[in-house]
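The values are calculated or read from the model by the stated rules, or taken from the named source; none is laboratory data. What you see is a predicted model, and the numbers here were worked out from it, not measured in a lab. All Cβ positions, even for glycine, are placed from backbone atoms using ideal geometry, and neighbour counts span all protein chains on display. The accessibility values were calculated without ligands, DNA or RNA, using every heavy atom of the protein model including side chains. Shrake-Rupley method; radii C 1.70, N 1.55, O 1.52, S 1.80 Å.
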Amino acid sequence: MFGETPHMRLAMVEAAAAMARGEVPVGAVLVGPDGRVLARAGNRMREWHDPTAHAEMLAIRAAAAATGSERLTGCDLYVTLEPCAMCAAAISLARIARLYYAASDPKSGGVAQGARVFAHPQCHHKPEVYDGIGARAAEALLRDFFQARRDPAS
């Protein structure tokens, strides 16, 4: 169905739920070093009137609260869309070990596109990055969302 790994499939479920709420369909799942899901979230920027309520930010906040630490060392983050510069900076500050993302974001990405936060010399922590995992499913969800917004009759 969605994604190519169980954790990316969970992120896609969160993205689909975000889309059902009228949000841009992006989902994130944060997994602890033991493989247990610490947090999962979808975009809530419109719902909460909060420009920082990206799926990644919400998952990082929830995982930090669950662990009682702002450092998420050894954790993995699965996201359906390449994180923006804000989210990439938060990933670095949280010391997340590995970032897995599905679709690239040529317009607003901050990892492989645009700002390339982890490549910047002032970046304190650079996670391992794996891209393209479940990209087709994530791209289709995003394409369907934006197509429906452009042409509500379809």
Determine whether the range 93-103 contains at least one residue that is touching a Ser or Thr at 6+ places or on another chain (Cβ under 8 Å), part of a strand (DSSP E or B) and over 20 Å from Pro33 (Cα atoms). yes
Could you go through the range 105-112 and let me know if any residue there is under 13 Å from Val26 (Cβ atoms), among the acidic types (Asp, Glu), outside any loop (DSSP other than H, G, I, E, B) and open to solvent by less than 90 Å² (accessible area, probe 1.4 Å). no
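Let's see how each residue does on (1) open to solvent by 40 Å² or more (accessible area, probe 1.4 Å); (2) in contact with a strand residue (DSSP E or B) (Cβ under 8 Å, 6 or more places away or on another chain); (3) among the aliphatic types (A, V, I, L, M):
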{"site": "Pro51", "(1), (2), (3)": "yes, no, no"}
{"site": "Ala66", "(1), (2), (3)": "yes, yes, yes"}
{"site": "Leu72", "(1), (2), (3)": "no, yes, yes"}
{"site": "Pro83", "(1), (2), (3)": "no, yes, no"}
For the range 121-131, name all the residues that are under 23 Å from Gly74 (Cβ atoms) and either free of Cβ contacts under 8 Å to residues at least 12 places away in the same chain or over 13 Å from the mean Cα position of the chain (by Cα) (or both). Cys123, His124, His125, Lys126, Pro127, Glu128
What tally of residues in the range 34-49 results from selecting those that are in contact (Cβ under 8 Å) with a residue 24 or more places away in the chain and open to solvent by less than 50 Å² (accessible area, probe 1.4 Å)? 5
